[in-house]
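What follows is a short report on a single structure.
Values in this text are rule-based calculations from the coordinates and carry no lab data. Keep in mind that what you see is a predicted model, and the values were worked out from it rather than measured. So basically every Cβ, Gly included, is an ideal-geometry build from the backbone, and we count neighbours across all protein chains shown.
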Amino acid sequence: MIESAAVKDQIREYVLEEFAKTKGINQITDQEVLTKNGIIDSMGIFRLVAFLEETFNVRIGDEEITHDNLESIDAIEKLVISKAKK
Amino acid sequence: MAYVLQQLLSKSAKAYPEKIAVWARGRSITYRELDERSNQMAHLLRKQGITKGDRVGLFFPKCVESVVSMLGVLKAGGVYVPLDPQAPADRVGYIIGNCGIRVLITNHEKREVLTPETLELLESCISTDQAENGKDGKLIPWSMLAEFPADHAPAVSLIETDLAYILYTSGSTGRPKGVMLSHQNALTFVEWCAEEFHVRSEDRLSNHAPLHFDLSVFDVYNTLEAGATVYLITEELALFPTSLANFIETQGITIWYSVPSALMLLLLHAHLTPEKLKSVRTILFAGEVFPMKYLRQLAEMAPAAELYNLYGPTETNVCTYYKVERERLASLEKLPIGIACANTEAFAVTDDGRRAAQGETGELYVRGPAVTYGYWADQEKTQKMCVPNRFEQNFEEKMYRTGDLVTMAEDGNFYFLGRRDSMIKSRGYRIELGEIESALLSHPGVREAAVLAVPDEIVGNRIRAVVAIHVPDSLKPMDLQQHCSTRVPKYMIPEVIELCVELPKTSTGKIDRVKLASAKEPVSVR
């Protein structure tokens, strides 16, 4: 069983280390739109998806790689939890 | 015949007043509204003191108001300067100071990004937000437009050689440089496109490129020229291939223009089918080399579409083009950049100064009315790149040195071979490695820095840096990436930074880039 709070922490940590900090952003809220201001770029989206699949052992289809599903840490967490339940 | 860009709008506003001109973020504007709002914007700018030749910055994410602002500035006789809405405050501030922008069209969120020093330079800011009460009285709300006449633009006497816009690109000396483009420069290109691609009023054009990128000139002005509709693709939508493919299908896009990497993302991740692209009749791409493997896939997905490889630096807009010959796709090993556009001459010049013969390598030179006058407030750089045409004895004119090495093959097409200098392309963006090196060197802990391009099939190049620091273990790669983020756009921040005590040198004491490049295997996607 995946623990929601732990999932969120891991996602936040990854996004911060992998994308935000290298771009001079040291803090992001769970609601912040990650695609805005170029925190994550087009190649970054696929690195993020690969990370989620590997870390949480879920499968994310190309058709699920959408703005609604990945726009914020909250949205990503929701996607991962919904996938893990299946 | 139009001699200034805004005449393209006047013509279509008369012919198709109720047709949608621009669509963005679920909102749209008709030709009549675009004409009226831009008239109002021109009057408002006049009231703010903008007169002929004055620069006005545009600093906000793509939306309907972007096109209103561009046309409004032109109608006021001004010169617009599109600023990358994602660029760091330092870079935006530099550009505002460099070309003397006193009036900025922005929004509340973006204005917050600017430094106090930059705000000092600005006399007023016009906000694209409907209602905005600037505390300091410097923010004028969009709703203010309603107070100005809509039925006519202010009187202004412009001729075709007056400037229309300035596009800033990466500069090798550490600061971006502003390419000055006149109405004539833009119209030479727009008229060629109208003729070659037969843009019609029924067409639906996409705009994928950011507005500070010269690809967008086609999207916006060829739409206006034809009385067609342009669909502005926001940065957020561009990130998600499946959503983007659905967008193309549901909006019925007929003409697509983007960098190849955007098309490759669609091919790799959008589950494309010919059905999804069935409305698209013409696909144009430019800005980087399109690998043949992916071009063949694209041709299969859009079996009826005409495909064009367009080539040219911002300084000339597109200067050569190659219409993809489907029957040659299977055998062609490398995609040509083709032949010169109408009203443009392009030729290769050898190292010893001769015009290159067929099969010889030379630097591509361009002459004609599409070519820039040079760089804003940079005589030295202008003289280096825009040189007197020594092949013409009878009158004086300039020609532009592209810095690109090319050869003309037996098929009569030019082929791109490489660069003369250290400029590279990544996702179609022009990047001077020297600008990144300057950013790294501006950190007090850095002694030496070398920035290298690592070739990548999808994005063109990835950026790797090797940095020698004064005190071992005093800095982490992340510190330097953060430092860079305050000076250069995100796409220029090195993905990988390796730290060392000293960079390897050649026998003449220069940084040994060959050794550095071969030292490590290419960086892969983590």
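Quick notes on this structure:
- Shown here are the Rg and Dmax of the Cα trace of segment A:1-44, at 11.1, 35 Å.
- Close amide H contacts of B:Glu360 (hydrogens built in the peptide plane, cut-off under 5 Å, sequence separation of 5 or more or a different chain): B:Met408.
- Gyration tensor (alpha-carbon) shape descriptor, the protein assembly as shown, a/c threshold 1.5: rounded
- Look at the stretch B:270-276: the mean tally of other chain Cβ atoms within 10 Å of its residues' Cβ atoms is 1.
- Residues in segment B:151-175 that a label on B:Thr51 would reach, taking backbone N under 15 Å of a point 7 Å out along Cα→Cβ: B:155-158
- Taken about its Cα centre, segment B:97-250 carries a charge dipole of about 440 debye when Lys and Arg each add +1 at the Cβ and Asp and Glu each add -1 at the Cβ.
- Charge tally in the Cβ shell below 14 Å around B:Ser12, where Lys, Arg are +1 and Asp, Glu are -1, B:Ser12 excluded: -2
- Subset of B:Lys14/B:Lys177; B:Lys384/B:Lys425; B:Lys11/B:Lys47; B:Lys52/B:Lys381 violating a 29 Å alpha-carbon distance limit: B:Lys14/B:Lys177
- Pairs of lysine residues in segment A:4-84 - Cα separation under 24 Å, sequence separation of 8 or more or cross-chain: 9
- Beta-bridge orientation, the protein assembly as shown: approximately 60 percent antiparallel, per DSSP, counting only bridges with both partners inside.
- 0 to 90° range, to nearest 10: angle between helix A:73-84 axis and chain A longest Cα axis: 20 degrees
- For segment B:389-526, the square roots a ≥ b ≥ c of the C-alpha gyration tensor eigenvalues yield an a/c of 1.5 or more together with a/b exceeding b/c, which makes the shape prolate.
- Over segment B:337-419, relative contact order from alpha-carbon pairs under 8 Å, at least 6 apart, %: 32 percent
- Bridgeable aspartates and glutamates around B:Lys476 (alpha carbons under 17 Å apart, same-chain partners fewer than 8 residues away excluded): A:Glu17, A:Glu18, B:Glu437, B:Glu448, B:Glu495, B:Glu498, B:Glu502.
- Neighbour net charge for B:Thr316 - beta-carbon separation under 10 angstrom, K R +1, D E -1: -1
- Couplings for segment B:274-286, taken from phi via the Karplus curve 6.51 cos²θ - 1.76 cosθ + 1.60 with θ = phi - 60°, read x, 4, 5, 9, 5, 7, 7, 9, 9, 10, 10, 9, 6 Hz in order; Gly and Pro are left as x.
- Annotation for B:Asp473 and B:Ser518: the two label points, set 7 Å from Cα along the Cα-Cβ direction, are 3.4 nm apart.
- For segment B:32-158, the relative contact order works out to 32 percent when only alpha carbon pairs closer than 8 Å and six or more residues apart are counted.
- Solution diffusion estimate, µm²/s, Stokes-Einstein, chain B, Kirkwood Rh from C-alpha pairs, 10 °C, viscosity 1.306 mPa s: 66 µm²/s
- Cα centroid separation - segment B:1-48 against segment B:250-277, whole Å: 29 Å
- Degrees, to the nearest 10: A:42-56 long Cα axis against longest axis of chain A: 40 degrees
- Restricting the calculation to alpha carbons of segment A:4-84 gives Rg and Dmax of 11.5, 33 angstrom.
- B:Ile339-A:Ala84 pseudo-label distance in nm [points 7 Å out on the Cα-to-Cβ vector]: 6.2 nm
- Length released on extending from B:Arg328 to B:Thr486, taking residue separation times 0.36 nm less the Cα-Cα span: 52.2 nm
- Between the listed residues B:Val451, B:Leu58, B:Cys386, the Cα displaced farthest toward the positive end of the dipole of chain B, a dipole computed from Cβ unit charges relative to the Cα centre, is found at B:Val451.
- Entry note, chain B: relative contact order of 12 percent, from Cα contacts under 8 Å with a spacing of 6+ residues.
- FRET efficiency, 1/(1 + (r/R0)^6) with R0 45 Å, evaluated for A:Gln27 and B:Glu502 via beta carbons: 0.80
- Computed [θ] at 222 nm, deg cm²/dmol, the protein assembly as shown (DSSP H ≥ 4; -39,500 (n - 2.57); rounded to nearest 500): -9000 deg cm²/dmol
- Count Lys and Arg as plus one, Asp and Glu as minus one, and take only other residues whose Cβ is under 10 Å from that of B:Ser485; the net charge is then +3.
- Estimated distance in nm for a label pair at A:Phe51 and B:Lys381, the labels positioned 7 Å out from Cα along Cα-to-Cβ: 3.5 nm
- For segment B:64-141: rounded, prolate or oblate by the Cα gyration tensor [a/c cutoff 1.5]: rounded
- Relative compactness, segment B:5-154, computed as alpha-carbon Rg over 2.2 N^0.38 Å: 1.00
- For the pair segment B:450-513 and segment B:51-99, the centres of their Cα atoms are 31 angstrom apart.
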